[in-house]
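Comments concern the structure below.
The values are calculated or read from the model by the stated rules, or taken from the named source; none is laboratory data. Just so it is clear, the structure is predicted and the values come from calculations on it, not from any experiment. In this analysis, Cβ positions are derived from the backbone assuming ideal geometry, glycine residues included, and neighbour counts consider all displayed protein chains.
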Amino acid sequence: MDSRSRPQPTRPLREKVLHEAKAYGIVFAYLYICFGAIIFYRDAVLQADGIPYADYGVAVVKAAILGKFMLLGQAARLGERWKVRAPIPALAILRKASFFLILLVVLTIVEEAVVALIHGRGIVRAVSEVAGGNWQQRIATCVLLWLILMRYFIIRKIAELLGPGVLGRMLFSRQ
């Protein structure tokens, strides 16, 4: 009998909650750093033209919301269904990042539509403002998010290949 068919012991609720909180904290911190860097860059470019911009609150809110969406996608094992078909890990990572990009875009649109309904604003207008004013800004936002997701899933793959806790010890413990 292989290990997959044996029932796994269930973890206590406290341990599950702590594990999920840690996973969320890591995703949130990663996304906040990435979104914060993008906002810092946008602010620097706009400041050069005398336009103030720095709105780091947007980075916090987006990191919090998209972090939760990412955990939901991971819980649903999004992008892992066809794992065996990818001849090399890089293709599996590309596919997974693409699936997550679609998930995050769709859930962000749904979120903005719900917020618009709650606040009595027009849904079409709220959804059209999701990633900026024009199509170039929307495409640029999607490309940046896809690159952020690529790096995230590359790091996760490396951590998976190294084994549980090894990457964390390599990065955060004294040598």
Practice problem: Within region 112-131, identify whether any single residue is in contact with a Lys or Arg (Cβ under 6 Å, 6 or more places away or on another chain) and surrounded by 16 or more Cβ atoms within 10 Å (Cβ to Cβ), and answer yes or no. | Solution: yes
Quiz item: Does Ala23 meet the test of being assigned to a helix (DSSP H, G or I), under 19 Å from Lys96 (Cα atoms) and at pLDDT 90 or above?
Solution: yes
Quiz item: Going by the conditions given, is Tyr32 surrounded by fewer than 16 Cβ atoms within 10 Å (Cβ to Cβ) and either touching a residue at least 12 places away in the same chain (Cβ under 8 Å) or out of contact with any Phe, Trp or Tyr (no Cβ under 9 Å at 6 or more places or on another chain) (or both)?
Solution: no
Quiz item: Where in region 78-175 are there helices (runs of 4 or more DSSP H), lying wholly inside it, with at least 3 residues that are of a type outside the set (Lys, Arg), at pLDDT 85 or above and over 30 Å from Tyr53 (Cβ atoms)?
Solution: 89-118, 135-162, 166-172
Self-check item: Residue list for region 45-55, restricted to those being exposed (fewer than 13 other Cβ atoms within 10 Å of the Cβ) and either in contact with a Phe, Trp or Tyr (Cβ under 9 Å, 6 or more places away or on another chain) or closer than 12 Å to Ile148 by Cα (or both)
Solution: Val45, Gln47
